[in-house]
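Student: What follows is a single structure, and I will ask about it in a moment.
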Amino acid sequence: MEAMEICMREAAANPGRGSHAMAVKASRVLFETRKRLARLFRISNPNDIAFTLNTTHALNLAILGYLQPGDHVVSTSTEHNSVRRPLEALKRRLGIEVTYVATDEQGRLDSNQVEAALIPGKTKLIAATHSSNLLGTITPIAELGAIAKKNQVKLLVDAAQSAGTLPIDVEKMGIDLLAFPGHKGLLGPQGTGGLYIHPELHLEPLMYGGTGSRSDDPEQPAVRPDRYEAGTPNTVGIAGLGEGVSFVLKETVEAIHAKERELTTQLMKGLLDVPGVHLLGPEIEEERTAIVAFVMEGVDPSELSFLLDQQFGIAVRSGFHCTPLGHESAGTTQTGAVRASPDILRSNRKS
Ligand SMILES: Cc1ncc(COP(=O)(O)O)c(C=O)c1O
């Protein structure tokens, strides 16, 4: 919040559009945040990261900017609507084909099934979430990266639930496109996010317009990140995101993950003692992100969520979680679920 206030006071100008001091400061805010994100995700050139409004925006830029008529995509049944809906739209608009590989009831994905679903010469993309937003199950991204590389297919990862809480190394994991939010594990404000685009991968921009660079050219510039950042950016939000990423880098993702696992295990153990509660997703000892979804016999998830909020000040998500296929795999299409997500900042604040 302080970083955003300072940015409002001292850098309230359009980055990359002028040479006066405030504009230069605004450009520096963007570059510093980009550099920190590059360090976090082991990206060699910060300019391969384009800022977006959120994960959904980044996923749309990746999916709509990369796929061509007739392409085939392999995705999974754990995907959020922010992956599935753009894919479904391209099915209708461009005639692309999509295979959704089903996970098991706990959300575990068998990477062999992903490889088996590839169609030589036709599959252009594997699109997978790093962690199920319903069950917390972690997808074996490095295995998918190896499969993608071997079969000359690109890998798009939706890191909405993992950026800042699970280690991500785009090169080691073979990730070509990484979509991430600023406003979750990276502790930034809403209205921030980004997309990493492999330097050899060329996407058609989602939006065309002013970039400050090459203003005399009617065509969108090829230079990154300008090519994918038309219009005035959310400089103030990006200043806040920069501080969030700084915090994550200082604490380390490994330590954050370990702390979240501790809280998750504690929460799961506590819930198991409550009569009528059924936990969803992987067992306690398995690797998962800090997402604990459950159903309670005879109690509607929305009613439970209301009571938790009103009587205990506990905020949980209830009902259906933007992943119809995920609910199908988990067997909760009729009931929906309650989802709690402990996080280190709030747990630190209480102690
Ligand atoms: C797995 C997953 N993908 C995509 C999204 C969409 O993220 P955003 O709200 O940043 O667009 C979410 C949101 O919670 C999510 O959990």
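Student: Can you find a residue that is surrounded by fewer than 20 Cβ atoms within 10 Å (Cβ to Cβ), on the phi < 0 side of the Ramachandran plot and without any contact (Cβ under 8 Å) to a residue 12 or more places away in the chain anywhere in the stretch 159-168?
Tutor: Checking the stretch 159-168: not a single residue is surrounded by fewer than 20 Cβ atoms within 10 Å (Cβ to Cβ), on the phi < 0 side of the Ramachandran plot and without any contact (Cβ under 8 Å) to a residue 12 or more places away in the chain.
Student: Can you name the condition, by its number, that Met173 falls short on among (1) crowded, with 20+ Cβ neighbours inside 10 Å; (2) within 11 Å of the ligand (Cβ to nearest atom)?
Tutor: Result: Met173 fails condition (2) only.
Student: In the list Ile344, Ile314, Ile291, which residue meets the criterion of being of a type in the set (A, V, I, L, M, F, W, C), away from the ligand (no atom under 16 Å from the Cβ) and either in contact (Cβ under 8 Å) with a residue 40 or more places away in the chain or in contact with a strand residue (DSSP E or B) (Cβ under 6 Å, 6 or more places away or on another chain) (or both)?
Tutor: Criteria check complete, one pass: Ile344.
Student: Return the residues of the stretch 129-155 that are touching an Asp or Glu at 6+ places or on another chain (Cβ under 7 Å) and within 17 Å of Gly65 (Cα to Cα); say none if nothing qualifies.
Tutor: Hits for the stretch 129-155 are Lys154, Leu155.
Student: Only residues in the stretch 45-63 that are within 18 Å of Gly188 (Cα to Cα) and without any contact (Cβ under 8 Å) to a residue 24 or more places away in the chain count as the first member; pair them with residues that are near the ligand (Cβ under 8 Å from one of its atoms) and not in a helix (DSSP H, G or I), Cβ under 8 angstrom, at least 6 apart or cross-chain, and list the lot.
Tutor: none
Student: May I pose another question? Can you tell me how many residues in the stretch 151-170 are within 16 Å of the ligand (Cβ to nearest atom) and either out of contact with any strand residue (DSSP E or B) (no Cβ under 6 Å at 6 or more places or on another chain) or assigned to a helix (DSSP H, G or I) (or both)?
Tutor: The qualifying residues number 4.
Student: Continuing with the same structure: Which one of Arg42, Arg93, Arg36 is over 26 Å from His183 (Cα atoms) and of a type in the set (Lys, Arg)?
Tutor: Going through Arg42, Arg93, Arg36 in turn, just one is over 26 Å from His183 (Cα atoms) and of a type in the set (Lys, Arg): Arg93.
Student: Right, here's the next one. How many of the residues in the stretch 24-44 are under 20 Å from Val248 (Cα atoms), assigned to a helix (DSSP H, G or I) and in contact (Cβ under 8 Å) with a residue 60 or more places away in the chain?
Tutor: Residues that pass the stated criteria total 10.
Student: If Glu229 satisfies every condition in (1) away from the ligand (no atom under 16 Å from the Cβ); (2) under 19 Å from Asn45 (Cα atoms); (3) in contact with a helix residue (DSSP H, G or I) (Cβ under 6 Å, 6 or more places away or on another chain) but one, which is the exception?
Tutor: (3)
Student: If you don't mind, another one. So is Leu87 within 16 Å of the ligand (Cβ to nearest atom) and in contact with a helix residue (DSSP H, G or I) (Cβ under 7 Å, 6 or more places away or on another chain) or not?
Tutor: Yes: the conditions hold for Leu87.
Student: Continuing with the same structure: Return a yes/no flag: does the stretch 191-212 have any residue that is within 21 Å of Arg339 (Cα to Cα) and within 16 Å of the ligand (Cβ to nearest atom). Full working, then the answer.
Tutor: As a first pass, look at the stretch 191-212 and keep what is within 21 Å of Arg339 (Cα to Cα): none.
No, the conditions are met nowhere in the stretch 191-212.
Student: Mind checking which residues of the stretch 208-235 are in contact with an Asp or Glu (Cβ under 9 Å, 6 or more places away or on another chain) and at pLDDT 95 or above? Even if it seems obvious, please write down each step before you answer.
Tutor: Step one: list which residues in the stretch 208-235 are in contact with an Asp or Glu (Cβ under 9 Å, 6 or more places away or on another chain), which gives 208, 211-214, 220, 224-225.
Matches in the stretch 208-235: Tyr208, Arg224, Pro225.
Student: Still on this structure: Can you run down the residue pairs with Cβ atoms below 9 Å, 6 or more apart or on separate chains, where the first is in the stretch 4-15 and modelled with pLDDT under 95 and the partner is part of a loop (DSSP other than H, G, I, E, B)?
Tutor: Cβ pairs passing all conditions: Ala13/His20; Asn14/Gly212; Asn14/Thr232; Asn14/Pro233; Pro15/Gly212; Pro15/Thr232; Pro15/Pro233.
Student: Further question: Hey, can you tell me all the residues within the stretch 45-56 that are within 12 Å of the ligand (Cβ to nearest atom) and farther than 18 Å from Asp176 by Cβ?
Tutor: Leu53, Asn54, Thr56 - these are the residues of the stretch 45-56 that are within 12 Å of the ligand (Cβ to nearest atom) and farther than 18 Å from Asp176 by Cβ.
Student: Give, as residue ranges, the helices (runs of 4 or more DSSP H) completely inside the stretch 50-150 that count at least 3 residues that are surrounded by fewer than 17 Cβ atoms within 10 Å (Cβ to Cβ).
Tutor: So the answer is 81-94, 111-117, 141-150.
Student: If you don't mind, another one. It is to be established whether one or more residues within the stretch 277-286 are hydrophobic (A, V, I, L, M, F, W, C), under 24 Å from Val83 (Cβ atoms) and touching a residue at least 60 places away in the same chain (Cβ under 8 Å).
Tutor: Within the stretch 277-286, one or more residues are hydrophobic (A, V, I, L, M, F, W, C), under 24 Å from Val83 (Cβ atoms) and touching a residue at least 60 places away in the same chain (Cβ under 8 Å).
Student: Could you grab the pairs with beta carbons closer than 7 Å, sequence gap of 6+ or different chains, first residue in the stretch 216-231 and in contact (Cβ under 8 Å) with a residue 12 or more places away in the chain, second one assigned to a loop (DSSP other than H, G, I, E, B) and exposed (fewer than 11 other Cβ atoms within 10 Å of the Cβ)?
Tutor: Ala230/Gly209; Gly231/Gly209
Student: If you don't mind, another one. Filter the stretch 185-203 down to the residues that are touching a Gly at 6+ places or on another chain (Cβ under 8 Å) and in contact (Cβ under 8 Å) with a residue 60 or more places away in the chain and list them by number.
Tutor: Hits for the stretch 185-203 are Gly185, Leu186, Leu187, Pro189, Gln190, Gly191, Thr192, Gly193, Gly194, Leu203.
The values are calculated or read from the model by the stated rules, or taken from the named source; none is laboratory data. Just so it is clear, the structure is predicted and the values come from calculations on it, not from any experiment. Glycine gets a Cβ as well: all are built from the backbone with ideal geometry, and neighbour counts include every protein chain shown.
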